[in-house]
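Taking it in order: structure first as structure tokens, then the write-up.
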Amino acid sequence: MKKEEWESLCSNCGLCCHEKVVSEDMLLIDLSNPCEFYDSENKCCSVYEERFKKCHRCKKVNLFRAMFASYLPSICGYVRWAKEHHVRLCKEKECVLGNGVFDFVDD
Ligand code: SF4
Ligand code: SF4
């Protein structure tokens, strides 16, 4: 797959740009705690081209992470792609908190 095709899998949900905790099989995402570079109004990264230099916590989603990273939510475009291709190997429960939203996903 070409780089542009891979990048286009991101649906810009922004969930990976918020504080999260992974505990055993549970993923907890706090929508009230975005990354300092997350532009909540426009729902995008304000330093996208330099994100890995500016933010040491920012991680590129590669195939390995799409397959195994437990901090990525089930609605992540990369996770969905990995599931469609039967290469997503971990299962997790999810809870999204903050901004009046409380959503629980049992995957
Ligand atoms: S630096 Fe990374 S984690 Fe922070 S908003 Fe940009 S893409 Fe998201
Ligand atoms: S969770 Fe996945 S789809 Fe959502 S912004 Fe992050 S990489 Fe993109």
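Relative to the compact-globule estimate of 2.2 N^0.38 Å, the Cα radius of gyration of the chain comes out at 1.05.
All other residues whose Cβ lies under 14 angstrom from that of residue 17 are scored, Lys and Arg at +1 and Asp and Glu at -1, for a net of +2. With distances taken between every two different alpha-carbon atoms, the stretch 35-85 has a Kirkwood hydrodynamic radius of 12.2 Å.
The mean sequence distance of close C-alpha pairs (under 8 Å, at least 6 residues apart), as a share of the length of the chain, puts its relative contact order at 29 percent. With the simple spin-label model, which puts each label point 7 Å out from Cα in the Cβ direction, the residue 13 to residue 59 separation comes to 1.7 nm. Counting only DSSP beta bridges with both residues in the chain, the antiparallel share comes to about 75 percent.
Since every read-out is calculated from the coordinates, none of them should be taken as a lab result. From a predicted model like this one, the values you see are computed outputs, not experimental measurements. Ideal geometry is used to build each Cβ from the backbone, glycine not excepted, and the neighbour counts take in all protein chains shown.
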